[in-house]
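What follows is a short report on a single structure.
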Amino acid sequence: MALKRALRLRLKGTYTAAGLATLYSDFIPEGQLWCIQRLVVEGNLATSGGNTRCRVLIDGHGYKHHLAEQDAPSADTLYWIQDPFWLVPRERIAIEWDQAQANTTLEAFGTGYWVPEAEGMM
């Protein structure tokens, strides 16, 4: 059985311009497979009108793989994904906060584990 190594993911970004704000994790290193077991997202500012949404997706290999969406997200509210998902090398997590106000700060926190790619997904 593969040895699981603890993974704690902390992301934070501040966006000076209004519009679509996208927070990215680093790309998954070669030779590793990541299992994200829980991911939470929070933004400190939200727009009251318009087409507002927060999307969580896997970015990599030339396409976006959507995992979750929250319509009309509220400021200072935690949104989470509890369903585990896997990331492979050359993929990363992306969080899109649409219609962000100027000076919006996005944060994301993940917990899970990683295994060497040679040991495979479990």
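Results, tabulated for the structure shown:
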read-out	value
The range 64-119 versus the range 9-48: alpha-carbon centroid distance in Å	5
Share of pairwise Cα separations in the chain, more than 25 Å, in percent	25
Taking the range 55-105 and dividing mean pair separation by its residue count, relative contact order in percent (alpha carbons under 8 Å, at least six apart)	46
Contour excess over end-to-end distance, with Cα ends at D26 and A118 and 0.36 nm allotted per residue	31.0 nm
Pair-distance profile P(r), taking every C-alpha pair of the range 67-122, with 5 angstrom steps and integer %	4, 11, 24, 22, 15, 11, 7, 5, 2
GNM flexibility winner over the chain from L23, L87, L67 (Cα, springs under 10 Å)	L67
Neighbour net charge for I36 - beta-carbon separation under 14 angstrom, K R +1, D E -1	+2
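No lab work stands behind these numbers, since they all come straight from the coordinates. From a predicted model like this one, the values you see are computed outputs, not experimental measurements. Every residue, glycine as well, gets a Cβ built from its backbone with ideal geometry; the counts of neighbours run over all protein chains shown.
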